[in-house]
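The values are calculated or read from the model by the stated rules, or taken from the named source; none is laboratory data. No experiment lies behind these values; they were computed from the predicted model shown. Here the Cβ positions follow ideal geometry from the backbone for every residue, glycine too, while neighbour counts run over all protein chains shown. All accessible areas refer to the heavy atoms of the entire protein, side chains included, with ligands and DNA or RNA removed. Shrake-Rupley method; radii C 1.70, N 1.55, O 1.52, S 1.80 Å.
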Amino acid sequence: MNLITLENVSKQYSERLLLDSVSLQINSGDRIGLIGVNGSGKTTLLRLIAGLEKPDAGSVMVWGGVRVRFLPQQPELDDNRSVLEQLFDSESPQIQLLRRFEWASQQLERQPHNQQWQAQVAALSDELARTGSWAAEAKAKTILTKLGITDFEARIGSLSGGQRKRVALAQALIDPADLLILDEPTNHIDADTIDWLENYLANEPGALLMVTHDRYFLDRVTNRIIELDRRELVSYPGNYRRYLELSAERQAQLTAAESKRQNLLRRE
């Protein structure tokens, strides 16, 4: 099933053209690694697909009901929230229900004899059980722990840059999406955590689009490589190792074609 289609998309900053009439389809089951030299426009392309920027020309079509989740390199978090409060900032019905339960529970702690809060906490607890939403809370805490965050009540403002990125990564992972977009997800995490993240992503049903400099991670997670090369997109089936083989073949063909063109020009 097609999730997102880009048709003849162009994007320019000042006088610099980053994307020149590029087209791309992202389908269910795609595990795409986006590669290209630094400054080629990879993050801009991710933001266009996530709907955070508009193309100068062309169209980005997100088909009805498709949910997209984006983790930027520098996530914006609320310094005044706790870790769990940040995680529960989501449009997912289960997460919203958990957020309401956490809020009511906090009010009940402040006013333990308030019958209104007692009734609301009880009603929300029943609703969480009925909808199976308790599993979402357990999943959130498990993911945080796997990412090295164990103090769920810590304020975001007290965390280091690496810890903030981990919280943002956890927030992206717990919120089910049809397409998960990750910009450098392996920054600030160690080898064991990267192994866990690989296994987690392998078992998630949604499509994946990511930028990372970790070639081994790309090789193990992706089934398709998209290269942003000279303002154009080139798609290669397979993982990063297969991309290296196919890219070498393509470059050899381009070199041979250019040599043939030069020889023709000389003869003329």
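Things to note:
- Scaled against the 2.2 N^0.38 Å expected of a compact globular protein of N residues, the Cα radius of gyration of region 125-268 reads 1.49.
- Close lysine pairs were tallied over the chain: pairs 8 or more places apart or on different chains with Cα atoms under 22 Å apart number 7.
- Full extension of the chain between residue 235 and residue 76 yields a length gain of 54.1 nm, computed as 0.36 nm times the residue separation minus the alpha carbon distance.
- Taking label points 7 Å from Cα along the Cα-to-Cβ direction, residue 13 and residue 254 give a separation of 2.2 nm.
- Spatially, region 170-247 and region 34-49 are offset by 13 Å when compared through their Cα centroids.
- For region 176-268, averaging the sequence separation of C-alpha pairs within contact (under 8 Å, six or more residues apart) and dividing by the residue count gives a relative contact order of 21 percent.
- On the basis of the beta-carbon distance and an R0 of 41 Å, residue 105 and residue 242 show a calculated FRET efficiency of 0.25.
- Across region 71-176, C-alpha contacts under 8 Å between residues 6 or more apart give a mean separation that, scaled by the residue count, equals a relative contact order of 44 percent.
- Sequence of 15, 245 from largest to smallest accessible area, 1.4 Å probe: 15, 245
- Segment residue 54..residue 190, full-extension length gain: 45.5 nm, with 0.36 nm per residue of separation and the alpha-carbon distance subtracted.
- For the chain, convex hull volume per residue from C-alpha positions, Å³: 158 Å³
- Spin-label zone in region 237-254 - amide nitrogen under 16 Å from a point set 7 Å from the Cα of residue 215 along the C-beta vector: 239-249
- For residue 240, solvent-accessible area (1.4 Å; no DNA, RNA or ligand), Å²: 30 Å²
- Estimated 222 nm signal from helices in the chain, with DSSP H stretches of n ≥ 4 weighted -39500 (n - 2.57), rounded to 500: -14500 deg cm²/dmol
- Taking every full run of DSSP H in the chain, the ones that stretch at least 15 Å from end to end by Cα along their long axis and average -0.5 or higher on the Kyte-Doolittle scale are 134-146, 161-174, 191-202.
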